[in-house]
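The values are calculated or read from the model by the stated rules, or taken from the named source; none is laboratory data. Because the structure is predicted, anything quoted here is derived from the model rather than measured. We place every Cβ from the backbone using ideal geometry, glycine too, and count neighbours over all the protein chains shown. Accessible surface is based on the protein model in full, side chains and every heavy atom, while ligands, DNA and RNA are left aside. Shrake-Rupley method; radii C 1.70, N 1.55, O 1.52, S 1.80 Å.
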Amino acid sequence: MSPSPAVLLPGTASDEVFVARVFGRPLTEAGFAPATPAVRGVRECHEALDAAWSGTPLLVGGISLGAHVATAWAVRHPGRCAGVLAALAAWLGPAGGAP
C-alpha cells in the first residue's frame, strides 16, 4: 500500500525547505507522502494543489498564508481532500479581539 499524499504550502515568510523540515518527518512517520512545492503567491499555491490531485484524496495544509490557501482549496474541493493541517492560519475574524 502506498503512502497517502500530503501537500503542504509555505507562508509568505517561509519556503518549501522550512515546511519540509517542520512537517516532513512526522507526516512520513504517520504514513503520508509529503510534498512541499516551491510556490510563491496564492495562484501558484492553488496551481500546486490542483496539480497534486491524481484521484486520491489529499491531506492539504501549510503555514500561515499556505494554511489559509489550503483550507480554501479544501472547501472548494471536498471530494479531493482527506483532511487539513493548518498551522498559524491567517486570522479572518473581527480585529477587536485579535492580538
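Tell me, Kirkwood radius of the range 32-88 from alpha-carbon pair distances, in Å?
This gives a value of 11.1 Å.
Which residue fluctuates most in the GNM of the chain (Cα springs below 10 Å): V75, V19, V60?
It is V75.
Taking only DSSP H segments of four or more residues, each worth -39500 (n - 2.57), what value at 222 nm results for the chain once the sum is divided by all its residues, to the nearest 500 deg cm²/dmol?
My calculation for the chain gives -11500 deg cm²/dmol from helical runs alone.
Set the Förster radius R0 to 25 Å, insert the Cβ-Cβ distance between T28 and A95 as r into 1/(1 + (r/R0)^6), and round the FRET efficiency to 0.05. Intermediate results must be reported in sequence, preceding the final value.
Values: r = 38 Å, r/R0 = 1.54.
Computed FRET efficiency for T28 and A95: 0.05.
Take the alpha carbon atoms of the range 39-99, find their center, do the same for the range 1-32, and report the distance between the two centers in whole angstrom.
13 Å
Testing the spin-label approximation: label points 7 Å from Cα along Cα→Cβ at A51 and A82. State their distance in nm.
So the two model labels end up 2.1 nm from each other.
Please report the carbon-and-sulfur percent of the accessible area for the chain; probe 1.4 Å, protein heavy atoms only, DNA, RNA and ligands left out.
Numbers: 3510 of 5800 Å².
Here carbon and sulfur together make up 61 percent of the probe-accessible area.
Which three lengths, in whole Å and largest first, does the range 59-99 cover when its Cα atoms are put on their principal axes?
35, 17, 12
Could you tell me what fraction of 2.2 N^0.38 Å the Cα radius of gyration of the chain comes to, as a two-decimal ratio? Numbers along the way, then the final one.
On the way: Rg = 13.2 Å, N = 99, 2.2 N^0.38 = 12.6 Å.
Here the answer is 1.05, to two decimals.
Show me the ranking of peptides 51-57, 78-84 by mean Cβ neighbours inside 10 Å, starting with the highest. Present the calculation step by step, with values, prior to reporting the outcome.
Values: 51-57: 12.0, 78-84: 13.6.
By packing density, highest mean first, the sequence is 78-84, 51-57.
For the Cα atoms of the chain, what angle does the longest principal axis make with the long axis of helix 42-52, in degrees from 0 to 90, nearest 10?
Between the helix axis and the principal axis of the chain, the angle is about 20 degrees.
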